[in-house]
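Colleague: Shown below is the structure under consideration.
Values in this text are rule-based calculations from the coordinates and carry no lab data. Bear in mind that the values here come from a model prediction, so they are computed numbers and not experimental data. Counting neighbours? That spans all protein chains shown, and the Cβs are built from the backbone with ideal geometry, glycine included.
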Amino acid sequence: MLNKIQTKIDSLAQGKKLILGTGIQLDEMQKVVALCEELQSSGQIKIVRVNKDPNKAQGLATGIVLEKN
């Protein structure tokens, strides 16, 4: 799953946004967020927003919006 997401991010045009969340299991989403944070620290993307569900345990991320740098 992470390889698929990495490929989507790599093929994204500069300045375009990608919304992730629907169809991704909660535990996988946490791995996706970690991957995106790593890519942001290397300057490849910008995390625009992380949606968290306050009803879920520890406010886990349920969605993320990215922008390609």
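Colleague: So how tilted is helix 26-41 from the main axis of the chain? Cα-based, degrees 0 to 90, rounded to 10.
Modeller: Tilt of helix 26-41: around 40 degrees.
Colleague: To continue, here is another question. Just to confirm the number: angle between the C-alpha axis of helix 2-11 and the first principal axis of the chain, 0 to 90 degrees, nearest 10?
Modeller: Approximately 40 degrees, to the nearest ten.
Colleague: Let me ask you something else. Would you mind computing, in nm to one decimal, how far apart the modelled labels at VAL65 and ASP53 are, each placed 7 Å from Cα along Cα→Cβ?
Modeller: It works out to 2.0 nm between the two label points.
Colleague: Below 8 Å, C-alpha to C-alpha, sequence gap of six or more: please give me the relative contact order for the chain in percent.
Modeller: Numbers: 93 pairs, mean separation 27.6, N = 69.
Computed over the chain, the figure is 40 percent.
Colleague: Let me ask another. Work out how much length THR22 to ALA34 would gain on full extension: take 0.36 nm times their residue separation and subtract the Cα-Cα distance, in nm to one decimal.
Modeller: 2.6 nm
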